[in-house]
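These notes are about the structure you will find just below.
A short reminder: the numbers here are calculations on the coordinates, not readings from a lab. On a predicted model such as this, the values are computed, not experimentally measured, just so you know. Backbone-built Cβ (ideal geometry, glycine too); neighbour counts: all protein chains shown.
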Amino acid sequence: MNKVLITALLAAGTLIAAPGHAADPAAGKALAEASCADCHGDDGKGDADYPAISGMAVDKFTKAMQEYASGTRTKSAKMTKEAKKLSAAQIADLAAYYATLK
């Protein structure tokens, strides 16, 4: 029993100590060009049909994408579909990229 408990505690400690994904704006740019630019534009400024996402704060962008992926944000079926394709690391990369645009 003690060995199981010790193993579980060590595993939990490893997960807590493991560094998260360091967002990569360059990777986000490549992903944006392939997946986002058709609707939001090359500069992320959107248009009458699609909202601007350039300059959006990382936490706001991340929250929106997580909500689309989970289905709690339902404003756009297309965004829900696209967000479900993305990993947490890809969302972080996109958020970092769009935050750099003004």
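If the chain between THR74 and SER87 were fully stretched, how many nm would it gain, using 0.36 nm times the residue separation less the Cα-Cα distance?
Full-extension gain reported as 2.8 nm.
Taking a cut-off of 22 Å, what percent of all Cα-Cα pairs in the stretch 16-102 are separated by more than that?
Summing the P(r) of the stretch 16-102 above 22 Å gives 18 percent of all pairs.
Suppose each label sits 7 Å from its Cα in the direction of the beta carbon; what would the SER35-ALA22 distance come out to in nanometres?
About 2.2 nm, to one decimal.
Along the charge dipole of the stretch 53-102, pointing to its positive end and built from +1/-1 on Cβ of Lys, Arg, Asp and Glu, which listed residue (THR62, LEU94, THR80) has its Cα farthest out?
Value: THR80.
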